[in-house]
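**Q** My structure is below; once you've seen it, I'll send some questions.
The values are calculated or read from the model by the stated rules, or taken from the named source; none is laboratory data. Since the model is a prediction, treat every value here as computed from it, not as a measurement. When we count neighbours, we look across all protein chains shown, and the Cβ atoms used for this are built from the backbone with ideal geometry, even at glycine.
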């Protein structure tokens, strides 16, 4: 399109002298510039001179219309933002289904428009949601690539309106599924730089996409409170730090029941201060900024079910994680872009770009450029312009010499389809994981262990893994230790395990020993490992401090480290995973000793920090340490190679109301759970 050389400055007397325009003209203008348009396009469409349009925009802005008139290198661009730019959307309500459940998929950092985007994985996530009958997807920020200083290196779409168009046209649309999203710090760049709220612009054009506001939204599921948040702070090395920091900042009356957290590129789940926290992974590949800042990036999705009691209170939350272990680095090359503006591209309207792209259909590998120029009656200079337009629209074509001729050579990019197998194609198993029972301590809670084994029996589970410190041991360097025990020495504590540990017909328990168990060996050479294994045929010793258990090809490592704990839940597990050589990484790492409950994915390892089954001790109270009580039911879906495609770490949490202390029940009289052939 020929560029109009006009003076865009409008004098006051020119504005005042302008005639009144019809309502139809004004309505047409406001409708036409709902998408960003160059002033020459508006001029041609409405039949008005450019300075008249700017004068009309001046009057409309003065009347309260939210119109942006911004000058770029190629002249003025106009955009009607409507009257919603300052609208505060911070609350939303969902209803449960007939089963009192609300199901949704939780993801974050889609970053469409960036070279790290994974549209193929995003489509697969929606496909899996549809297969599971899930009708809601929640995106916790950064649906767009944003506007970075190094746009040309990180993004293949560098313009606000072009990113909006790309998301509107390419974000998955699945019948029956609605997408709810908050903006993240990348999305907010469009507001700070161009005064454009892309969330509202996208939602206005996609009825299936509902904008929940900037960065945070409070959601009611019946009377269950859920908060969706996108972190605007920088990511830290310790994965759990930001989420714990957020929960610590809540006043008691402000705490939600569920926190869905995005923007941290990580996959974690835990309960802290009675808040169920689910940190959502990204749906983008690792980019240059992540590498430079050494950000770990986990790709995947959570499939979450919130069950509500009849009285409106939270019943249970189950969250199935679905990591993607590989990404497609060329995903962004798989979609044609016809609306992408770049300062390197000639000033052309959309119709001209579409016309240029149509000529590309005639280009074949080895075709002489002379024949092409002759066919379309263009000069070599015009051919260079076509090459530039094709490249700006993500269609790279080179000119190379073959013999005496100059010919075209197209660059083809192999399309990699990333499809996670459905449940029907996977093996499934469920196990119970417990740790730190500390038999012999006045704080041990045998009845809670019985409760977990009873539930495992009800579910038909055949395997239980115990991650160490089965007994409380005997620390000679701790004078207060005898006062904290109702069983002393090896004979009493080992005998208690043999006599009282739950015994369920058909259920096998595999265990390692921890630092407390080891004190018996250090004090006199007695080993609980041989004693229990020999006297209980359903209990099997795997090792001191560490052991390995295989579910077909799924490698599960049980680990009971030493040393002290930290306030941050993830720090110690991250360090444990980092010392494992790449070829020796397990599929699942179970960690005891710290008496904490935490599940996350790190370096493609599914890691569970297993809570204890004893109340807080005097030592923990003095040191100010967290003591979580409970266990995990792990539902594992894996392929023939042993790769875990889905994992549901169901956390069972016990509180102080569940504790039997030494002043209540006499621990010597707690009954053993024994089920043989279905008889209790």
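So that you can scan it fast, the table gives a plain yes or no per residue for (1) assigned to a helix (DSSP H, G or I); (2) surrounded by fewer than 20 Cβ atoms within 10 Å (Cβ to Cβ); (3) at pLDDT 95 or above:
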| residue | (1), (2), (3) |
| --- | --- |
| 125 | yes, no, yes |
| 133 | no, yes, yes |
| 157 | no, no, no |
| 166 | yes, no, no |
| 181 | no, no, yes |
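**Q** Can you tell me which residue is nearest to residue 432 (Cα to Cα) among those in segment 516-538 that are touching a helix residue (DSSP H, G or I) at 6+ places or on another chain (Cβ under 7 Å) and in a loop (DSSP other than H, G, I, E, B)?
**A** 536
**Q** So which of 557, 601 ends up being in contact with a strand residue (DSSP E or B) (Cβ under 8 Å, 6 or more places away or on another chain), closer than 20 Å to residue 319 by Cβ and not in a loop (DSSP other than H, G, I, E, B)? Write out each step before concluding.
**A** Working: 557 fails: closer than 20 Å to residue 319 by Cβ.
Every option except 601 fails the conditions.
**Q** Sticking with this structure for a sec: What pairs come up if the first residue lies in segment 482-510 and is assigned by TED's automatic domain parsing to the domain that holds residue 525 and on the phi > 0 side of the Ramachandran plot, the second is surrounded by fewer than 20 Cβ atoms within 10 Å (Cβ to Cβ) and not in a helix (DSSP H, G or I), and their beta carbons are under 7 Å apart, counting only those six or more places apart or on different chains?
**A** Matching pairs, first to second residue: 506/462.
**Q** When you check residue 513 against the structure, is it surrounded by 16 or more Cβ atoms within 10 Å (Cβ to Cβ), touching a residue at least 40 places away in the same chain (Cβ under 8 Å), touching a helix residue (DSSP H, G or I) at 6+ places or on another chain (Cβ under 8 Å) and within 20 Å of residue 541 (Cβ to Cβ), yes or no? Break it down into steps so the answer makes sense when it comes.
**A** Details: surrounded by 16 or more Cβ atoms within 10 Å (Cβ to Cβ): yes; touching a residue at least 40 places away in the same chain (Cβ under 8 Å): yes; touching a helix residue (DSSP H, G or I) at 6+ places or on another chain (Cβ under 8 Å): yes; within 20 Å of residue 541 (Cβ to Cβ): yes.
Yes; evaluated as a whole, the condition is true for this residue.
A quick yes/no check of all residues on (1) out of contact with any strand residue (DSSP E or B) (no Cβ under 6 Å at 6 or more places or on another chain); (2) outside any loop (DSSP other than H, G, I, E, B); (3) at pLDDT 80 or above:
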residue	(1), (2), (3)
383	yes, yes, yes
390	no, yes, no
406	no, yes, yes
412	yes, no, no
417	yes, no, no
424	yes, yes, yes
428	no, yes, yes
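**Q** Within the group 638, 654, 571, which residue is surrounded by fewer than 23 Cβ atoms within 10 Å (Cβ to Cβ) and within 21 Å of residue 420 (Cβ to Cβ)? Steps first, please.
**A** Details: 654 fails: within 21 Å of residue 420 (Cβ to Cβ); 571 fails: within 21 Å of residue 420 (Cβ to Cβ).
Selected residue: 638, the only one of 638, 654, 571 that is surrounded by fewer than 23 Cβ atoms within 10 Å (Cβ to Cβ) and within 21 Å of residue 420 (Cβ to Cβ).
**Q** Another question, then. Are any residues in segment 285-318 assigned to a loop (DSSP other than H, G, I, E, B) and in contact with a strand residue (DSSP E or B) (Cβ under 8 Å, 6 or more places away or on another chain), and if so, which ones? Steps first, answer last, please.
**A** Going residue by residue through segment 285-318, those that are assigned to a loop (DSSP other than H, G, I, E, B) are 285-287, 294-298, 309-313.
Within segment 285-318, 285, 287, 296, 297, 298, 309, 312, 313 qualify.
**Q** Among the residues of segment 574-586 satisfying the criterion of being in a helix (DSSP H, G or I) and modelled with pLDDT of 90 or more, which is surrounded by the most Cβ atoms within 10 Å (Cβ to Cβ)?
**A** Of the residues in segment 574-586, the ones in a helix (DSSP H, G or I) are 574-578, 582-584.
Filter once more, keeping what is modelled with pLDDT of 90 or more: 574-578, 584.
Details: 574: 18, 575: 12, 576: 18, 577: 20, 578: 9, 584: 8.
The qualifying residue surrounded by the most Cβ atoms within 10 Å (Cβ to Cβ) is 577.
**Q** While we're looking at this one, here's another question. Can you run down the residue pairs with Cβ atoms below 9 Å, 6 or more apart or on separate chains, where the first is in segment 646-667 and in the same structural domain as residue 105 (by TED's automatic domain parsing) and at negative phi and the partner is surrounded by fewer than 17 Cβ atoms within 10 Å (Cβ to Cβ) and modelled with pLDDT of 90 or more?
**A** none
**Q** Take residue 448 and tell me if it is part of a strand (DSSP E or B) and closer than 18 Å to residue 630 by Cβ. So that I can check it myself, show each step before the final result.
**A** On the way: part of a strand (DSSP E or B): no; closer than 18 Å to residue 630 by Cβ: yes.
No, not satisfied.
**Q** What about residue 131, is it assigned by TED's automatic domain parsing to the domain that holds residue 306, out of contact with any strand residue (DSSP E or B) (no Cβ under 9 Å at 6 or more places or on another chain) and over 26 Å from residue 32 (Cα atoms)? Break it down stepwise before answering.
**A** On the way: assigned by TED's automatic domain parsing to the domain that holds residue 306: yes; out of contact with any strand residue (DSSP E or B) (no Cβ under 9 Å at 6 or more places or on another chain): yes; over 26 Å from residue 32 (Cα atoms): yes.
Yes, satisfied.
**Q** Here are some residues: 168, 137, 174. Which one is in contact (Cβ under 8 Å) with a residue 12 or more places away in the chain and within 19 Å of the chain's Cα centre (by Cα)?
**A** Details: 168 fails: within 19 Å of the chain's Cα centre (by Cα); 174 fails: within 19 Å of the chain's Cα centre (by Cα).
None of the others qualify; the one that does is 137.
**Q** If residue 454 satisfies all but one of (1) modelled with pLDDT under 95; (2) part of a helix (DSSP H, G or I), what's the number of the condition it fails?
**A** Here residue 454 meets the rest and fails (1).
**Q** Which of the residues spanning segment 184-200 are at pLDDT below 90 and either more than 13 Å from residue 68 (Cα to Cα) or assigned to a helix (DSSP H, G or I) (or both)?
**A** Matches in segment 184-200: 192, 193, 194.
**Q** In segment 197-204, is there at least one residue being touching a strand residue (DSSP E or B) at 6+ places or on another chain (Cβ under 9 Å) and free of Cβ contacts under 8 Å to residues at least 12 places away in the same chain?
**A** yes
**Q** So which of 291, 309, 313, 276 is buried (at least 17 other Cβ atoms within 10 Å of the Cβ) and over 14 Å from the mean Cα position of the chain (by Cα)? It would help to see each step written out before you state the result.
**A** Details: 291 fails: buried (at least 17 other Cβ atoms within 10 Å of the Cβ); 309 fails: buried (at least 17 other Cβ atoms within 10 Å of the Cβ); 313 fails: buried (at least 17 other Cβ atoms within 10 Å of the Cβ).
276 is the lone residue from the list that is buried (at least 17 other Cβ atoms within 10 Å of the Cβ) and over 14 Å from the mean Cα position of the chain (by Cα).
**Q** Additional query: Could you check how many residues of segment 173-190 are on the phi < 0 side of the Ramachandran plot and out of contact with any strand residue (DSSP E or B) (no Cβ under 8 Å at 6 or more places or on another chain)?
**A** The initial filter retains those residues of segment 173-190 that are on the phi < 0 side of the Ramachandran plot, namely 173-175, 177-190.
Subsequent filtering for residues that are out of contact with any strand residue (DSSP E or B) (no Cβ under 8 Å at 6 or more places or on another chain) retains 173-175, 189.
Here the count works out to 4.
**Q** In this structure, does residue 400 turn out to be assigned to a strand (DSSP E or B) and at pLDDT below 85?
**A** Numbers: assigned to a strand (DSSP E or B): yes; at pLDDT below 85: yes.
When the stated conditions are applied, residue 400 passes them.
**Q** Please tell me if residue 153 is surrounded by fewer than 17 Cβ atoms within 10 Å (Cβ to Cβ), modelled with pLDDT of 90 or more and either in the same structural domain as residue 263 (by TED's automatic domain parsing) or out of contact with any strand residue (DSSP E or B) (no Cβ under 6 Å at 6 or more places or on another chain) (or both).
**A** On the way: surrounded by fewer than 17 Cβ atoms within 10 Å (Cβ to Cβ): yes; modelled with pLDDT of 90 or more: no; either in the same structural domain as residue 263 (by TED's automatic domain parsing) or out of contact with any strand residue (DSSP E or B) (no Cβ under 6 Å at 6 or more places or on another chain) (or both): yes.
No; evaluated as a whole, the condition is false for this residue.
**Q** In this structure, is residue 611 touching a residue at least 60 places away in the same chain (Cβ under 8 Å) and surrounded by 21 or more Cβ atoms within 10 Å (Cβ to Cβ)? Give the steps one after another, and end with the answer.
**A** On the way: touching a residue at least 60 places away in the same chain (Cβ under 8 Å): yes; surrounded by 21 or more Cβ atoms within 10 Å (Cβ to Cβ): yes.
The answer is yes for residue 611.
**Q** At pLDDT 95 or above, buried (at least 22 other Cβ atoms within 10 Å of the Cβ), within 23 Å of residue 313 (Cβ to Cβ) and over 18 Å from the mean Cα position of the chain (by Cα): is that true of residue 221 in this structure? Walk me through how you get there before you give the answer.
**A** Details: at pLDDT 95 or above: yes; buried (at least 22 other Cβ atoms within 10 Å of the Cβ): yes; within 23 Å of residue 313 (Cβ to Cβ): yes; over 18 Å from the mean Cα position of the chain (by Cα): yes.
When the stated conditions are applied, residue 221 passes them.
**Q** Would you confirm whether or not segment 236-244 contains a residue that is without any contact (Cβ under 8 Å) to a residue 24 or more places away in the chain and touching a strand residue (DSSP E or B) at 6+ places or on another chain (Cβ under 9 Å)?
**A** The initial filter retains those residues of segment 236-244 that are without any contact (Cβ under 8 Å) to a residue 24 or more places away in the chain, namely 236, 242.
Next cut, touching a strand residue (DSSP E or B) at 6+ places or on another chain (Cβ under 9 Å) only: 242.
The answer is yes, given that some residue of segment 236-244 is without any contact (Cβ under 8 Å) to a residue 24 or more places away in the chain and touching a strand residue (DSSP E or B) at 6+ places or on another chain (Cβ under 9 Å).
**Q** Please report, ordered by residue number, the strands (runs of 3 or more DSSP E) entirely within segment 206-284 with at least 1 residues that are assigned by TED's automatic domain parsing to the domain that holds residue 109 and touching a helix residue (DSSP H, G or I) at 6+ places or on another chain (Cβ under 6 Å). Steps first, please.
**A** Values: elements: 209-214, 216-221, 224-230, 258-262, 267-272, 275-279.
Correct list: 209-214, 258-262, 267-272, 275-279.
**Q** May I pose another question? Could you tell me whether residue 454 is in contact (Cβ under 8 Å) with a residue 24 or more places away in the chain, within 30 Å of residue 536 (Cα to Cα), surrounded by fewer than 19 Cβ atoms within 10 Å (Cβ to Cβ) and in contact with a helix residue (DSSP H, G or I) (Cβ under 7 Å, 6 or more places away or on another chain)?
**A** Numbers: in contact (Cβ under 8 Å) with a residue 24 or more places away in the chain: yes; within 30 Å of residue 536 (Cα to Cα): yes; surrounded by fewer than 19 Cβ atoms within 10 Å (Cβ to Cβ): yes; in contact with a helix residue (DSSP H, G or I) (Cβ under 7 Å, 6 or more places away or on another chain): no.
No.
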